[in-house]
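Notes to accompany the following structure.
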Amino acid sequence: MALRLLATALVALQIFFVPLTQAAPVVIHNTFGPGDSFINGLGWAAADPGNGANYVSAERFSPSSSGLLDSVTLALRVSALQSPFEPQSQIRLSILSDADGLPGALLDYAVVDLTTGFPGDPSPAELVSFQFGVDTPLLAGAHYWLALGAVLADPDFLIVWARNDQLAVGPRSFSGALFQAPGEWFLPFDAERGAARVVAQAISEPQSLALAVPLLALVLVAFAKRRRDA
């Protein structure tokens, strides 16, 4: 009987403690306007704007709540600098730590292939989603950087990260300019943010814990009573 009660306790723990990390997607940073609006035709340059190779544009953000990084959506336009040009361009978005106000260590990154527009392409920016592995924790109130650039070390295309239309302003930096040393970041300056939405998987509180504890207590009481009556 004692073994049966112990087995019941173990099953109860397994049933109620397995779903401790149920997650749900939540927006932890957003500069898009209603209906995902943003400013077309005005934005921050990345890849090759003509003054560097693999020019990287970065801006700092602070999550409104904690979670595991799921995806980031930006408003982007990619166009070639000359003809002929490659029809596809690989774009990389990196998540960096904050190092005393500057972009710091690499935490995670995602790559997408975008269709390259012809030189001087006036097409509007489009929403581009970068998917991450849901294994990078972001803490509410902490500082992180979104860093946008190309996969190629010497790209021959230009990325334009469209600006937000909500008057959102924040620290911005860049690297890869001809006057910079490798890995050097420009001193951050406050400027209009790019249109961006960061989504994370928020870890929910384990409601099953409240049920598992009293159930285990009942099983242990029954086990003690059985031993006393024996």
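The values are calculated or read from the model by the stated rules, or taken from the named source; none is laboratory data. Just so it is clear, the model here is predicted, and its values are computed rather than measured. For neighbour counting, all protein chains shown are included, and Cβ atoms are generated from backbone atoms with ideal geometry for every residue, glycine included. For accessibility, only protein heavy atoms count, side chains too; no ligands or nucleic acids. Shrake-Rupley method; radii C 1.70, N 1.55, O 1.52, S 1.80 Å.
I need a count of the residues in the range 83-96 that are without any contact (Cβ under 8 Å) to a residue 60 or more places away in the chain and open to solvent by 30 Å² or more (accessible area, probe 1.4 Å).
Residues flagged as without any contact (Cβ under 8 Å) to a residue 60 or more places away in the chain and open to solvent by 30 Å² or more (accessible area, probe 1.4 Å) within the range 83-96 amount to 5.
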Consider residue 181 carefully, then state whether it is in a loop (DSSP other than H, G, I, E, B) and on the phi < 0 side of the Ramachandran plot. yes
Being modelled with pLDDT of 95 or more and not in a strand (DSSP E or B) is the filter here; which residues of the range 40-68 pass it? 62, 63, 64, 65, 66
Flag for residue 178 being over 20 Å from the mean Cα position of the chain (by Cα), surrounded by fewer than 16 Cβ atoms within 10 Å (Cβ to Cβ) and farther than 30 Å from residue 84 by Cβ: no
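To keep it simple, each residue is scored yes or no on (1) farther than 15 Å from residue 90 by Cα; (2) polar (S, T, N, Q); (3) surrounded by fewer than 23 Cβ atoms within 10 Å (Cβ to Cβ).
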position	(1), (2), (3)
126	yes, no, yes
137	yes, no, yes
157	no, no, no
166	yes, yes, yes
Collect the residues in the range 69-82 that are part of a strand (DSSP E or B) and either surrounded by fewer than 16 Cβ atoms within 10 Å (Cβ to Cβ) or touching a Lys or Arg at 6+ places or on another chain (Cβ under 9 Å) (or both), keeping them in residue-number order. 71, 72, 73, 74, 75
Which condition number does residue 161 fail, the rest of (1) at pLDDT below 95; (2) surrounded by 13 or more Cβ atoms within 10 Å (Cβ to Cβ); (3) of a type outside the set (Asp, Glu); (4) under 22 Å from residue 72 (Cβ atoms) being met? (1)
In the set 113, 100, which member is out of contact with any Ser or Thr (no Cβ under 6 Å at 6 or more places or on another chain), surrounded by fewer than 21 Cβ atoms within 10 Å (Cβ to Cβ) and under 30 Å from residue 24 (Cα atoms)? 113
When the range 143-155 is examined, which residues are found to be open to solvent by less than 30 Å² (accessible area, probe 1.4 Å) and at pLDDT 95 or above? 144, 145, 146, 147, 148, 149, 150
